[in-house]
Amino acid sequence: DESAGRYKVRDLSLAAAGRHQIRLAEHEMPGLMALRAEYGPSQPLAGARIAGSIHMTVQTAVLIETLTALGADVRWASCNIFSTQDEAAAAVVVGPGGAPTAPSGVPVFAWKGETLEEYWECTEQILVWPGDQRPNMILDDGGDATLLLHKGVEVEKVGAVPADATPGEAGYSEEGNLVLGVLRRSLAVDPQRWTQIAAEVQGVTEETTTGVHRLYQLFEAGELLFPAINVNDSVTKSKFDNKYGIRHSLPDGINRATDVLMGGKVAFVAGYGDVGKGAAEALRGQGSRVVVSEIDPINALQAAMDGYQVARIEDVVGEADFFLTTTGNRDVITAAHMAAMKDKAIVGNIGHFDNEIDIAGLATLAGVTRTEIKPQVHEWTFPDGHSIIVLSEGRLLNLGNATGHPSFVMSNSFTNQVIAQIELFTKRDEYPVGVYRLPKVLDEKVARLHLDALGVRLTELTKTQAEYLGIDAAGPYKPEHYRY
Ligand code: NAI
């Protein structure tokens, strides 16, 4: 469904189904609902025009409607071609009180199974607002909206797309040429579009490890155009979403894609950061024998102490039944690795971008054929007749093959997002260009908002105890360097 650039989703008639799911998700997202109660009356986001790029799921719908409940105007796209839940997208466009014939919600540009060209057009749509309006805040996941804007400004300075420009090289998605296509087209329409948008943007709040990494790179290169809050490194984000969220949504993705038993099998997990820890625990919980690989001696030692074999992919490539990448790095599983895997091995990535697994290289191996088992599940058959199963074409499989993390854990992440948006929008002067984390008291507040729902009874410090530890009884409870 589309209405002349006002929105673009799969089918507005899915809205009722989406609304039911959103209603149930609200019950599981106490942090966001508490923010609606706390800030609804004062409308701290009135005047904020937020361009949002996060997986367009049911949980994101609750985030979007929390932002609007706090006064913001919002336009939304997904940050991955496979991650949209079409019913959630439809429900957000229709709005809580609207009807498919008279949508009154938020403009969304997202559907499951976009082409890469469509993906970048959708990203453009959230940044280019109708009339003479422009966004003044960005909410990003993986940094693609931030990338498009920064590359746009760079290109407009030169007045043309430089012959050697390759934004894909920076380690963002590999679709550099598509980005350049969008920029070339926009130069012809308006040679100052991105410069004008960037001038009004007060800041970006970034969701994930990979996007945060890019923000620090931009800042260190002196190229960051506006302040950023690193939401990922709130403790209540990365130590919860990246770990416990993955622990839930990784097996969900594998099951929905293949329904192959994990118990008794050998599962190889590349990376033992927050995501790797959740992945390894989930697979062990299903009875898999888990083998971890790491490049960092500290994480490698952690994996060993947690009882996992730590090895290189070459050591187990012919033995493992599942191969899962969680590194946020590139070229972790090569085409040669895939050719050496055993028959019907399952290969998937749960890190942000698809360059962890060399699918492009696999496609160029002589005599290899690809069979679609169902959308986002493909069998690749080698000339000798053996085959492997690749999930979501190497894109994050928990969102491509399933519906991503469950609501409760996303409530933690998205409560951080909303607080970060309020911080940057209302305290612009306190945040010169740079990359910041939320203050620890706010991180603790996010956790606090989720305790009642789990029946947690927190112990309160006595005055004497607080003095003994040298902290305030109301927090923060830990020094900045504490690692949890
Ligand atoms: P992290 O930095 O905590 O962990 C990554 C680990 O991979 C590090 O310990 C690093 O030493 C290791 N590593 C790097 N290169 C490697 C290689 N070649 N072989 C083996 N290990 C290697 O990052 P985190 O938070 O675990 O995130 C990982 C990725 O997952 C990121 O791309 C992030 O954006 C993404 N992510 C995906 C989510 C999802 O729902 N699918 C949720 C949260 C994060």
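The values are calculated or read from the model by the stated rules, or taken from the named source; none is laboratory data. What you see is a predicted model, and the numbers here were worked out from it, not measured in a lab. Methodologically, a virtual Cβ is constructed for each residue, glycine included, from the backbone with ideal geometry; neighbour enumeration extends over all protein chains shown.
Which of the following residues is farther than 19 Å from Gly400 by Cα and among the acidic types (Asp, Glu): Glu117, Glu154?
Details: Glu117 fails: farther than 19 Å from Gly400 by Cα.
Matching residue, one of Glu117, Glu154: Glu154.
Within the range 276-318, track down each residue that is of a type in the set (S, T, N, Q) and closer than 23 Å to Asp241 by Cα. Let's see the steps before the verdict.
Going through the range 276-318, the residues of a type in the set (S, T, N, Q) turn out to be 286, 288, 293, 299, 302, 309.
Correct list: Gln286, Ser288, Ser293, Asn299, Gln302.
So that you can scan it fast, the table gives a plain yes or no per residue for (1) in contact (Cβ under 8 Å) with a residue 40 or more places away in the chain; (2) within 20 Å of the chain's Cα centre (by Cα):
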site: Leu180; (1), (2): no, no
site: Trp194; (1), (2): yes, no
site: Gly203; (1), (2): yes, yes
site: Gln217; (1), (2): yes, yes
site: Glu223; (1), (2): yes, no
site: Thr236; (1), (2): yes, yes
site: Asp241; (1), (2): yes, yes
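If you check every pair at least six apart or on different chains, which have Cβ atoms under 6 Å apart with a residue in the range 377-400 that is at pLDDT 95 or above first and a residue that is within 14 Å of the ligand (Cβ to nearest atom) and among the charged types (D, E, K, R) second?
Gly394/Asp354; Arg395/Asp354
Filter the range 343-361 for residues that are touching a Gly at 6+ places or on another chain (Cβ under 6 Å) and either hydrophobic (A, V, I, L, M, F, W, C) or surrounded by fewer than 21 Cβ atoms within 10 Å (Cβ to Cβ) (or both) and give the result.
Pass one, the range 343-361, residues touching a Gly at 6+ places or on another chain (Cβ under 6 Å): 349, 351-352, 354, 357, 359.
Selection gives Ile357, Ile359.
Being crowded, with 18+ Cβ neighbours inside 10 Å and either small (Gly, Ala, Ser) or farther than 16 Å from Ala279 by Cβ (or both) is the filter here, so list the residues in the range 312-331 that pass it.
Result: Val317, Ala320, Gly328.
Quick one: which helices (runs of 4 or more DSSP H) sit completely within the range 122-225 and have at least 1 residues that are surrounded by fewer than 23 Cβ atoms within 10 Å (Cβ to Cβ) and aromatic (Phe, Trp, Tyr)?
Values: elements: 144-158, 176-189, 193-200, 209-220.
So the answer is 209-220.
Quick check on Thr195: is it closer than 26 Å to Glu118 by Cβ, within 16 Å of the ligand (Cβ to nearest atom) and among the hydroxyl-bearing types (Ser, Thr, Tyr)?
no
Name the single residue that is farthest from the chain's Cα centre (by Cα) among those in the range 51-74 being buried (at least 24 other Cβ atoms within 10 Å of the Cβ) and part of a strand (DSSP E or B).
Val74
So which residues in the range 432-470 are assigned to a loop (DSSP other than H, G, I, E, B) and either closer than 30 Å to Pro227 by Cα or within 24 Å of the chain's Cα centre (by Cα) (or both), if there are any at all? First the steps, then the outcome.
Here is the first cut: in the range 432-470, the residues assigned to a loop (DSSP other than H, G, I, E, B) are 432-434, 437-439, 449-451, 455-462, 470.
Correct list: Pro432, Val433, Gly434, Arg437, Leu438, Pro439, Leu449, His450.
Using the structure shown, decide if Ser78 is under 15 Å from Glu121 (Cα atoms) and either within 16 Å of the ligand (Cβ to nearest atom) or more than 12 Å from the chain's Cα centre (by Cα) (or both).
The answer is yes for Ser78.
For Gly263, state whether it is surrounded by 19 or more Cβ atoms within 10 Å (Cβ to Cβ) and either farther than 23 Å from Gly211 by Cα or near the ligand (Cβ under 9 Å from one of its atoms) (or both). Walk me through how you get there before you give the answer.
On the way: surrounded by 19 or more Cβ atoms within 10 Å (Cβ to Cβ): no; either farther than 23 Å from Gly211 by Cα or near the ligand (Cβ under 9 Å from one of its atoms) (or both): yes.
No.
Might you check whether a residue that is part of a helix (DSSP H, G or I), within 18 Å of Ile346 (Cα to Cα), within 14 Å of the ligand (Cβ to nearest atom) and free of Cβ contacts under 8 Å to residues at least 24 places away in the same chain occurs anywhere in the range 280-293?
No, the range 280-293 has no match at all.
Go through the range 103-151 and report how many residues are without any contact (Cβ under 8 Å) to a residue 12 or more places away in the chain and either in contact with a Gly (Cβ under 6 Å, 6 or more places away or on another chain) or within 26 Å of Asn230 (Cβ to Cβ) (or both).
1
Among the residues of the range 338-362 satisfying the criterion of being assigned to a loop (DSSP other than H, G, I, E, B) and farther than 17 Å from Asn401 by Cα, which is nearest to the ligand (Cβ to nearest atom)?
Taking the range 338-362 as the starting set, the residues that turn out to be assigned to a loop (DSSP other than H, G, I, E, B) are 340-344, 350-353, 358.
Now restrict to residues that are farther than 17 Å from Asn401 by Cα: 340-344, 358.
Details: Ala340: 17, Met341: 17, Lys342: 21, Asp343: 25, Lys344: 24, Asp358: 13 Å.
My answer is Asp358.
Give me the residue from the range 104-121 that is within 16 Å of Thr57 (Cβ to Cβ) and in a loop (DSSP other than H, G, I, E, B) and, out of that set, farthest from the ligand (Cβ to nearest atom).
For the range 104-121, the residue satisfying everything is Gly105.
Considering each of Leu139, Leu116 in turn, give the residue that is at pLDDT below 95 and within 19 Å of Cys79 (Cα to Cα). Explain how you work it out, then say what you get.
On the way: Leu139 fails: at pLDDT below 95.
So the residue among Leu139, Leu116 that is at pLDDT below 95 and within 19 Å of Cys79 (Cα to Cα) is Leu116.
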